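The values are calculated or read from the model by the stated rules, or taken from the named source; none is laboratory data. None of the values given here were measured: they were computed from a predicted structure. Quick reminder, even Gly has a Cβ in these numbers, built from the backbone with ideal geometry, and neighbours come from all protein chains shown.
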Amino acid sequence: MKSNKLIIFLLSIASIIILFIFSFQLDNSISKAIPSLWNPFLTGFFSIITYIGNTNTMITLGLILFVILVLRKEYRKGIISSVILIFSAGLGELIKFIIQRQRPLNSLIQRTDPSFPSLHALGSLIFFSLIIYLFKDKIKNKFLKILFIAVNIILILLIGLSRIYLNVHWFSDVIAGYVLGLIILFFSLRFFDKN
């Protein structure tokens, strides 16, 4: 079982590296095409959506999640959730520091820090997946449970899409953020089930 997890981990890391190396043409094509889609409504909408995924918002939401879990006397889940969120942000920043990829030049939001991977994509995938994992079974109504899961998944996708629309990230930055988030979740969620 441990060897299977190691293989999955190594394949996932290899896929991120391959994505980074071979995606330049696709990234450039998408980045050049995006400005033709810009309009006031979409720009306003995606500016709000991208704000949900920024670091300060994610920290605030993470603290709210921690407080909710502590109030419910789910201390272990609160600590594990916090560790996963902090670890994922730290790992994302470390990869950014190592890769030092420049952002697209023509963007609606000016940023100078490195681009790869998207911390918005990484953070939103981790946070909203944790929300689904921690609370979906507490919703007894089937329709409300499906709606709850769908809203969280849509938020994850919209936050990533907002980074591409605003042209502040390359397409592969966002995909890498999602893949990295899935890897972290894959290895982290088992800690919730241990006694």
Check your understanding: Taking the stretch 77-89 only, how many residues are among the basic types (Lys, Arg) and buried (at least 21 other Cβ atoms within 10 Å of the Cβ)?
Key -> 0
Check your understanding: Quick one: would you say Leu119 is closer than 15 Å to Leu189 by Cα, surrounded by 14 or more Cβ atoms within 10 Å (Cβ to Cβ) and within 19 Å of the chain's Cα centre (by Cα)?
Key -> no
Study note, to complete from the structure: Given (1) among the polar types (S, T, N, Q); (2) outside any loop (DSSP other than H, G, I, E, B); (3) farther than 16 Å from Ala89 by Cβ, Ser129 misses just (3)
Review point. Could you list, in sequence order, the residues of the stretch 179-195 that are within 16 Å of the chain's Cα centre (by Cα) and surrounded by fewer than 22 Cβ atoms within 10 Å (Cβ to Cβ)?
Key: Val179, Leu182, Ile183, Ile184, Leu185, Phe186, Phe187, Ser188, Leu189
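Residues checked against (1) touching a residue at least 60 places away in the same chain (Cβ under 8 Å); (2) crowded, with 19+ Cβ neighbours inside 10 Å; (3) assigned to a loop (DSSP other than H, G, I, E, B):
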{"residue": "Leu91", "(1), (2), (3)": "yes, no, no"}
{"residue": "Ser107", "(1), (2), (3)": "yes, no, yes"}
{"residue": "Ser124", "(1), (2), (3)": "yes, yes, no"}
{"residue": "Asp137", "(1), (2), (3)": "no, no, no"}
{"residue": "Leu144", "(1), (2), (3)": "no, no, no"}
Review point. Which residue pairs have Cβ atoms closer than 7 Å, lie 6 or more positions apart in sequence or on different chains, and pair a first residue in the stretch 158-172 that is in contact (Cβ under 8 Å) with a residue 12 or more places away in the chain with a second residue that is among the aromatic types (Phe, Trp, Tyr)?
Key: Gly160/Tyr178; Ser162/Phe46; Ile164/Phe171; Tyr165/Phe46; Leu166/Phe46; Ser172/Phe20
Practice item. Considering (1) at pLDDT below 90; (2) over 25 Å from Phe191 (Cα atoms); (3) in contact with a Phe, Trp or Tyr (Cβ under 7 Å, 6 or more places away or on another chain); (4) hydroxyl-bearing (Ser, Thr, Tyr), say which one Ser81 fails and leave the rest. Key: (2)
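Listed here are the residues, each with its yes/no results for (1) acidic (Asp, Glu); (2) within 21 Å of Arg111 (Cβ to Cβ); (3) touching a helix residue (DSSP H, G or I) at 6+ places or on another chain (Cβ under 7 Å); (4) modelled with pLDDT of 85 or more.
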| position | (1), (2), (3), (4) |
| --- | --- |
| Phe20 | no, yes, yes, no |
| Gly44 | no, yes, no, yes |
| Ile48 | no, yes, no, yes |
| Thr55 | no, yes, yes, no |
| Thr60 | no, yes, no, yes |
| Val67 | no, no, no, yes |
| Arg72 | no, no, no, yes |
| Arg76 | no, no, no, yes |
| Leu85 | no, no, yes, yes |
Point to revise | Looking only at the stretch 112-140, and only at residues there that are of a type in the set (Ser, Thr, Tyr) and over 13 Å from Asp173 (Cβ atoms), the one that is modelled with the lowest pLDDT | key: Thr112
Review point. Does Tyr178 satisfy the criteria of being closer than 17 Å to Phe46 by Cα, touching a helix residue (DSSP H, G or I) at 6+ places or on another chain (Cβ under 7 Å), hydroxyl-bearing (Ser, Thr, Tyr) and in contact (Cβ under 8 Å) with a residue 24 or more places away in the chain?
Key: no
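Residue-by-condition table, conditions (1) in a loop (DSSP other than H, G, I, E, B); (2) among the hydrophobic types (A, V, I, L, M, F, W, C); (3) at pLDDT below 85:
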position: Gln110; (1), (2), (3): yes, no, yes
position: Leu155; (1), (2), (3): no, yes, no
position: Gly160; (1), (2), (3): no, no, no
position: Gly177; (1), (2), (3): no, no, no
Review point. Of (1) closer than 18 Å to Leu91 by Cβ; (2) at pLDDT 90 or above; (3) of a type in the set (Ser, Thr, Tyr), Ser172 satisfies all except one. Which?
Key: (2)
